[in-house]
Amino acid sequence: MNITDILKEAVNNGTSDIFIVAGLPLTYKIHGRQLRMENEGRLLPDGTRDLIHELYQVAGRDVSRIAPESADDDFSLALGGIGRFRVNVFHQRNSLAAVIRVIRFGIPDYKVMGIPEEVMRLTRLHQGIVLVTGQAGSGKSTTLACIIDAINQSRTGHILTLEDPIEYVHRHSQCIVSQREIYSDCDSYLSALRSALRESPDVILLGEMRDYETIDVAMKAAETGQLLFSTLHTTGAANTVDRIIDTFPAAQQAQIRLQLSMVLQAVISQQLVPDVNGKMIPAFEIMFMNTAIRNLIRESKTHQIDAAIQAGASEGMCTMDSSLLKLYAQKKITKDTLLTYCLNYEATSRRLKALG
């Protein structure tokens, strides 16, 4: 098969990721499980190189970007009527390899994706920072796409997204939507974010907070009245707050705690877990800022944030383990899945016994 046939088949069979790696057959990841095309035979280094060169041709991208043996490359491409794809190309064992993420056209329905209404409440915000966190592949981009789309449909303004690469394409609706791809439309997240402050944005989507300079500019943007969404590869609200603060030099951390306590609005942490049918569904930890949590951040008592989230259940907050227990009570996941993915095994076991 040529690369276009591979991409088309991937979309048709519900694939989330495609692996092109020498020594293995072409492999699709479907609902979290690998499906290897054994009938096609194992890919040889020449075969992976040819497929990857086809990818570059389809994308209209210069293949010399991955000529150095230490080079890797990220980019996106679109095939009319089929879908969009996010591509990472890299070298391994003296051969070229690629992992391709399948992104279907259109914005998914948040209800179908299992995103709770409490998360969608974030569309009502008008300023501050909202962070969506979790491991790579946990669905952060999809959650943010649903939130941005809901804002786009419900009020006027200028939405500016800074992404590496662009995954979901947003159409102009009630809002003007400008989407900039890092390294294609701008040099870096930091330069794009600094430029964004002069582009009259009402909502900024910052693909990732990678360093303290970017975080510093993001907080200043939030202080001037913008609503900024971004991501971090952290698990849990407390860890997220600590990660941001620890990014800064020790001499600045007290000031950053004060700033963060004022501009942070919410932290959504998510992970994908297998349901009873083997499909992957999301579980969410939801933290909204209130007076108690702002004080905990200022006073360097982030270890108490989990307890504050539990106490804030009436405000729509939820710990990750509570989210998993709810999925179990709804018979969407098994007991083994609950205990495998929970963050506090002993406490979850006790709550499970209490449920009977």
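Of the candidates Ser230, Ser178, the single residue that is at pLDDT 95 or above, closer than 30 Å to Val89 by Cα and either touching a His at 6+ places or on another chain (Cβ under 8 Å) or of a type in the set (Phe, Trp, Tyr) (or both) is Ser178. All of (1) surrounded by 15 or more Cβ atoms within 10 Å (Cβ to Cβ); (2) under 23 Å from Gly137 (Cα atoms) hold for Thr48 with one exception: (2). Restricting attention to segment 23-34, does a residue exist that is among the small types (Gly, Ala, Ser), assigned to a loop (DSSP other than H, G, I, E, B) and within 30 Å of Ala218 (Cβ to Cβ)? No: zero hits. Among all residues of segment 314-335, there is at least one that is farther than 23 Å from Val119 by Cα and part of a helix (DSSP H, G or I). Note on segment 36-84: among residues that are among the basic types (Lys, Arg) and assigned to a loop (DSSP other than H, G, I, E, B), the one that is modelled with the lowest pLDDT is Arg61. Ala192 fulfils the conditions (1) surrounded by 16 or more Cβ atoms within 10 Å (Cβ to Cβ); (2) modelled with pLDDT of 95 or more; (3) farther than 30 Å from Leu272 by Cα except for a single criterion, (2). Just wondering, is there one or more residues in segment 94-101 that are surrounded by 17 or more Cβ atoms within 10 Å (Cβ to Cβ) and of a type in the set (Val, Ile, Thr)? Checked against the condition, which is being surrounded by 17 or more Cβ atoms within 10 Å (Cβ to Cβ) and of a type in the set (Val, Ile, Thr), segment 94-101 yields at least one hit. Take Ser314 and tell me if it is of a type in the set (S, T, N, Q) and either in contact with a Lys or Arg (Cβ under 6 Å, 6 or more places away or on another chain) or on the phi > 0 side of the Ramachandran plot (or both). The answer is no for Ser314. Here Ile268, Ile305, Ile333 are screened, and the one residue that is buried (at least 21 other Cβ atoms within 10 Å of the Cβ), touching a Ser or Thr at 6+ places or on another chain (Cβ under 8 Å), of a type in the set (Val, Ile, Thr) and in contact (Cβ under 8 Å) with a residue 24 or more places away in the chain is Ile268.
For Ser141, the stated conditions do not hold, so it cannot be described as loosely packed, with under 15 Cβ neighbours inside 10 Å and in a helix (DSSP H, G or I). Taking the listed residues Thr156, Thr161, the one that is touching a helix residue (DSSP H, G or I) at 6+ places or on another chain (Cβ under 9 Å) and either surrounded by fewer than 18 Cβ atoms within 10 Å (Cβ to Cβ) or in contact (Cβ under 8 Å) with a residue 12 or more places away in the chain (or both) is Thr161, with no other qualifying. In segment 22-48, the residue that is farthest from Ile103 (Cα to Cα) out of those that are in contact with a helix residue (DSSP H, G or I) (Cβ under 7 Å, 6 or more places away or on another chain) and of a type in the set (A, V, I, L, M) is Ala22.
Would you confirm whether any residue within segment 287-306 is touching a Pro at 6+ places or on another chain (Cβ under 9 Å) and modelled with pLDDT of 95 or more?
no
The values are calculated or read from the model by the stated rules, or taken from the named source; none is laboratory data. What you see is a predicted model, and the numbers here were worked out from it, not measured in a lab. So basically every Cβ, Gly included, is an ideal-geometry build from the backbone, and we count neighbours across all protein chains shown.
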